[in-house]
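Contents: one structure, followed by commentary.
The values are calculated or read from the model by the stated rules, or taken from the named source; none is laboratory data. Predicted, not measured: the structure shown is a model, and the values here were computed from it. For neighbour counting, all protein chains shown are included, and Cβ atoms are generated from backbone atoms with ideal geometry for every residue, glycine included. Only protein heavy atoms, including side chains, enter the accessible area calculation; ligands, DNA and RNA are left aside. Shrake-Rupley method; radii C 1.70, N 1.55, O 1.52, S 1.80 Å.
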Amino acid sequence: MTAEMGIFETMFNCRAMRRLSDQPVPQAQLVKLIEAAEQAASGSNSQRRRWIIVRDPAQKAKLAELNRAVSEDYVSARIERGEALPHHDRESRKRMLQAVLWLARNMQRIHALIIACYEFDAPPTEQDRARAHSSVYPGVQNLLLAARALGLGAVLTTYALNRYEDFVAALELPSNFAAYALIPVGYPLGKFGPVTRLAVEQVMRFDKWSI
């Protein structure tokens, strides 16, 4: 029996996994991801997060096309520019962007797409939707960590939500719901490994920001 990953091991090895197989994920494991997500805090303990697990091929195709329509040209242009960051050299950046492009072209084949939503009392304003971010994204992070602990790959994406009205229409969301994230989940085609992050000394100060 494989030992369960500790929380720090899970966090330090929770890469965004974009290349995922079409191999079916047991329904019990998908439900476990939502159970884990729901352990996260929410504002005033509102517990208004709502989740949709999309496995139907036709539904996946609709969402995948919205994602592809927004992301493919944008990501291809970034690859052609050869962009880089101080902490992410050009070649590493290219590999990451190629994985984003792979996802844009193959999302419909991945076994499950999980949608993170929030239920309001009435149709939300933009301010309402913005305030709920702090209740939704802790649950999303729990879900990503739980996927890693179960040996599943997952990644948070939002490209498809740029076509927001089409996105919520495809999901037939009630008018008092808002959608926040699309999370492909499946068995990874690549290997897990440690994340690469800036040294803590570069991103942290005590008491006030001074160099």
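Which of (1) among the polar types (S, T, N, Q); (2) open to solvent by 50 Å² or more (accessible area, probe 1.4 Å); (3) touching a helix residue (DSSP H, G or I) at 6+ places or on another chain (Cβ under 7 Å) is the odd one out, the single condition Asn13 does not satisfy? So the condition that Asn13 fails would be (2). For the condition under 16 Å from the mean Cα position of the chain (by Cα), of a type outside the set (Phe, Trp, Tyr), surrounded by fewer than 14 Cβ atoms within 10 Å (Cβ to Cβ) and modelled with pLDDT under 95, Val100 does not qualify.
Looking across the stretch 29-57 at every residue that is open to solvent by less than 60 Å² (accessible area, probe 1.4 Å) and assigned to a helix (DSSP H, G or I), the one that is modelled with the lowest pLDDT is identified as Gly43. Could we say that Pro174 is in a loop (DSSP other than H, G, I, E, B), at pLDDT 95 or above and either out of contact with any strand residue (DSSP E or B) (no Cβ under 7 Å at 6 or more places or on another chain) or under 16 Å from Leu30 (Cβ atoms) (or both) here? In short, yes. From the list Tyr164, Tyr118, Tyr137, the one residue that fits, being in contact with a strand residue (DSSP E or B) (Cβ under 9 Å, 6 or more places away or on another chain), within 17 Å of Phe177 (Cα to Cα) and open to solvent by 60 Å² or more (accessible area, probe 1.4 Å), is Tyr137. Pairs meeting the criteria (first residue in the stretch 80-104 and in contact (Cβ under 8 Å) with a residue 40 or more places away in the chain, second residue open to solvent by 60 Å² or more (accessible area, probe 1.4 Å) and part of a helix (DSSP H, G or I), beta carbons under 8 Å, at least 6 apart or on different chains) are Ala104/Arg68. Does Leu144 qualify as being out of contact with any helix residue (DSSP H, G or I) (no Cβ under 8 Å at 6 or more places or on another chain), touching a residue at least 12 places away in the same chain (Cβ under 8 Å), open to solvent by less than 70 Å² (accessible area, probe 1.4 Å) and within 18 Å of Gln39 (Cα to Cα)? When the stated conditions are applied, Leu144 passes them. Before we move on, is Ile114 touching a residue at least 12 places away in the same chain (Cβ under 8 Å) and under 17 Å from Arg49 (Cβ atoms)? Criteria met by Ile114.
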